[in-house]
Amino acid sequence: MQLTAYGGHTLREACAVLEQKFGKNVYFNTLTLPGSTREVYDTAARESTGLTNAYMQRIRHAIKTFCASSGIESEGLYACGIWEWQERGALHFHLVVGIEHRKLALYLKHNHRRWWRQVLETYSDATGVDLFQREDGGSWRGDDTKPVTEWAKVKTSVEAYVSKYVAKTARKAGLEGWIPPKKFWTLSTPLRKETISARMQVGCQFDTPEKAQEF
């Protein structure tokens, strides 16, 4: 029902890797659910892994296409994310992405809301639950201004930015009877590999694995 200590620690490690690898070229991306009914929240929680994977796949494809057209070797998607579970049951997803090229970052900023909307529309059709459904009975589907999203450069510490949501999510157990996200956090494959590698390097500085884990 809550973010685990291991998940929070891994996210902080991943942020340190992002900051070391990309410096100030790290961007945060917030994705919200346009719908506000209990059914929307429960469905999004059940499908949280698929929603984030589908969205990140679109970013991954954009990076690959951009690099191919620019003659740049692509290193893949470096990103980590966490679901924020609010007291009223609403879910927000916060994604942090390392992007070296400014033109690519602008392209992602310009298109990310459209991609997230496409993912929500796909899952609305697949589940039979309109993820744009409003509590008052209307629907935001078809409204290009929805869902509400944000894409901006991280101006301070990447770890500090993510730690804020790690702390908020870790404190909240959710309302009784509400369904938590299937998985609260995620790491892209390239970032996961480098995070594990960095963890092993740190661990090698200790006499035993147990001491490394205590750190």
Quiz item: For the chain, what are the DSSP H helices with axial Cα length of 30 Å or more and mean Kyte-Doolittle hydropathy of at least -0.5?
Solution: 48-70
Quiz prompt | Charge dipole of the chain about the Cα centre (unit charges at C-beta), most positive-ward option of H94, P147, V158 | solution = V158
Quiz item: What's the percent breakdown of Cα-Cα distances in the chain across 10 Å bins, shortest bin first?
Solution: 8, 32, 34, 19, 5, 1, 0
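Treating only the Cβ of Lys, Arg, Asp and Glu as charged (+1, +1, -1, -1), what charge dipole size does the chain show about its Cα centre? Round to the nearest 20 debye. Show your work: numbers first, answer last.
Numbers: 30 positive and 24 negative charges, 107 e Å.
Roughly 520 debye for the chain.
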Quiz prompt | Choice from S163, S188, S197 showing the highest fluctuation, given a GNM over the chain with Cα pairs closer than 10 Å | solution = S197
Self-check item: the stretch 4-61, dipole about Cα centre (Lys/Arg Cβ +1, Asp/Glu Cβ -1), debye to the nearest 20
Solution: 220
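Relative contact order of the chain: what whole-number percent is it, with Cα pairs under 8 angstrom and at least 6 residues apart?
Values: 328 pairs, mean separation 84.4, N = 215.
Contact order relative to length: 39 percent.
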Quiz item: Taking the Cα-to-Cβ direction at S197 and at A126 and moving 7 Å from each Cα, how far apart do the two end points lie in nm?
Solution: 3.1
Quiz item: When the helices in the chain are scored as -39500 (n - 2.57) per DSSP H run of 4 or longer and the sum is shared across all residues, what 222 nm value do you end up with, to the nearest 500 deg cm²/dmol?
Solution: -17000 deg cm²/dmol
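All of the numbers you see were taken from the coordinates with simple rules; none came from a lab. The structure presented is a predicted model; accordingly, all values stated were derived computationally and were not measured. Here the Cβ is made from the backbone with ideal geometry for all residues, glycine too, and neighbour counts use every protein chain on show.
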